[in-house]
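One structure is given below, encoded as structure tokens.
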Amino acid sequence: MSDAITLDQSRPIFPFTAIVGQEEMKLSLILNVIDPKIGGVMIMGDRGTGKSTTVRALVDLLPEIEVVLNDPFNSDPQDPELMSEEVREKLKRNEKIEVTNRKILMVDLPLGATEDRVCGTIDIEKALTEGVKAFEPGLLAKANRGILYVDEVNLLDDHLVDVLLDSAASGWNTVEREGISISHPARFILVGSGNPEEGELRPQLLDRFGMHAQIGTVKDPNLRVKIVEQRASFDEAPLEFRKNYNDSQKELTDKLTEARHNLKKVEIDYDFRIKISQICSELNVDGLRGDIVTNRASKAIAAFENRNEVTPQDIFRVIPLCLRHRLRKDPLESIDSGDKVRDTFKKVFGYQ
């Protein structure tokens, strides 16, 4: 059995629209589906707060994409940046390529995965004897144009986290062995989850995640009862339970598909972009990643709400998720809840 689990549609998954609360986490995931270039999301929260359930529930909502038939990298038939070398060569030779539609894939990365399993391997013997680049694709190839989910990412070997983040940032994975080098597209949404009690990621690794969602245990007794009852109903009769959410699930899927399509039409006022950068500067955020992600997330939320212009309210909703994990300079400090970011936003935008 493969250690990569591509979530199976035949096994009933808890519906995304049935999840109570945890708005930060749900919004972060939705925005990354609308614009994968946001750079993924790190979800930190207590045990039993529904992190894995929510991420896995996202699979149902993922829209379909066009892929080259039987291509191990889910190559995009239109975009050379998302094509394997083989597909590009075929197009150069004007060969016809077969295309099919499939749902965006979600791939689970197990904690014990080796670097070879993640990046893929080159069969040196075959390469030398037959003169072909014999490449066995890994999980990064499978996750291209999809979602790569790492549960307990804070327990993953730092070297592997580096590899994942490098691929997620550059959109390419390169495997080199004995002078042979193979590259393939590896553009995926990296979703990590973890429990802060088991240790945080290093600040320089955290910074590479586009967004950071914090989730806590629900305190309201009525909400807790509702969550427990829902879970019991789902466990008892999952297919029946899911039927109750068919309409809301379809509505959200259609909304996501439309938002992805309309994203390029969304404009963000130059003055707002200046203010976003001013907030990043006043908060002493290193680099420009915070500015870029906030701009992207603001446009994604406007697209999600079917608008073509970003409002200050859009920026206010996303900026704590985009910046809070970039403020920590001391590894022993805890991550800001977002209040510091909100206060700076109010000051710069002139809110009382």
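All of the numbers you see were taken from the coordinates with simple rules; none came from a lab. In this text, all values refer to a predicted model and were calculated from it rather than measured experimentally. When we count neighbours, we look across all protein chains shown, and the Cβ atoms used for this are built from the backbone with ideal geometry, even at glycine.
Protection proxy ranking for 157-167, 142-152, using the average of other Cβ atoms within 10 Å per residue and placing the highest first: 142-152, 157-167. In terms of its alpha-carbon gyration tensor, segment 48-123 comes out oblate; a/c meets the 1.5 threshold, while b/c is at least as large as a/b.
Scalar couplings 3J(HN,Hα) for segment 263-272, obtained by applying the Karplus form with A = 6.51, B = -1.76, C = 1.60 to θ = phi - 60°, are 3, 5, 7, 6, 10, 10, 4, 4, 4, 5 Hz; x denotes Gly and Pro. Close amide H contacts of MET83 (hydrogens built in the peptide plane, cut-off under 5 Å, sequence separation of 5 or more or a different chain): ASP76. Sorting MET211, MET44 by the number of Cβ atoms found within 10 Å of their own Cβ, with the fewest placed first, yields MET44, MET211.
The aspartates and glutamates within cross-link reach of LYS250, meaning a Cα-to-Cα straight distance under 14 Å and a gap of 8 or more places when in the same chain, are ASP60, GLU64, GLU258. Could you tell me which of rounded, prolate or oblate describes segment 7-93, using a ≥ b ≥ c as the square roots of the eigenvalues of the alpha-carbon gyration tensor, with rounded for a/c under 1.5 and, failing that, prolate when a/b is larger than b/c and oblate otherwise? It is prolate, given that a/c is not under 1.5 and a/b is the larger ratio. Residues whose amide H comes within less than 5 Å of that of ILE189, counting only those at least five positions distant or on another chain, are GLY146, ILE147, LEU148 (H built at 1.01 Å from N in the peptide plane).
Does segment 210-352 come out rounded, prolate or oblate, given a ≥ b ≥ c as the square roots of the eigenvalues of its C-alpha gyration tensor, rounded meaning a/c under 1.5 and, failing that, prolate meaning a/b above b/c? Since a/c reaches 1.5 but b/c is at least a/b, the shape of segment 210-352 is classed as oblate. For Cα extents along the principal axes in Å, the value computed from the atomic coordinates appears in the list [x] 70, 51, 41; [y] 68, 62, 39; [z] 65, 46, 36 under label [x]. Between ALA237 and ILE124, residue separation times 0.36 nm minus the direct Cα-Cα distance comes to 35.6 nm. Spin-label model, GLU251/SER337: points 7 Å from Cα along the beta carbon direction are separated by 3.2 nm.
Counted residue by residue at 0.36 nm each, then reduced by the alpha carbon distance between them, the extension gain from GLU89 to ARG202 reaches 36.6 nm.
Only one residue of LEU164, ILE268, ALA141 has its Cα farthest out toward the positive end of the dipole of the chain, where Lys and Arg carry +1 and Asp and Glu -1 on Cβ, and that residue is ILE268. Working ranking of peptides 230-243, 168-181 by packing, defined as the average number of other Cβ atoms within 10 Å per residue, highest first, is 168-181, 230-243.
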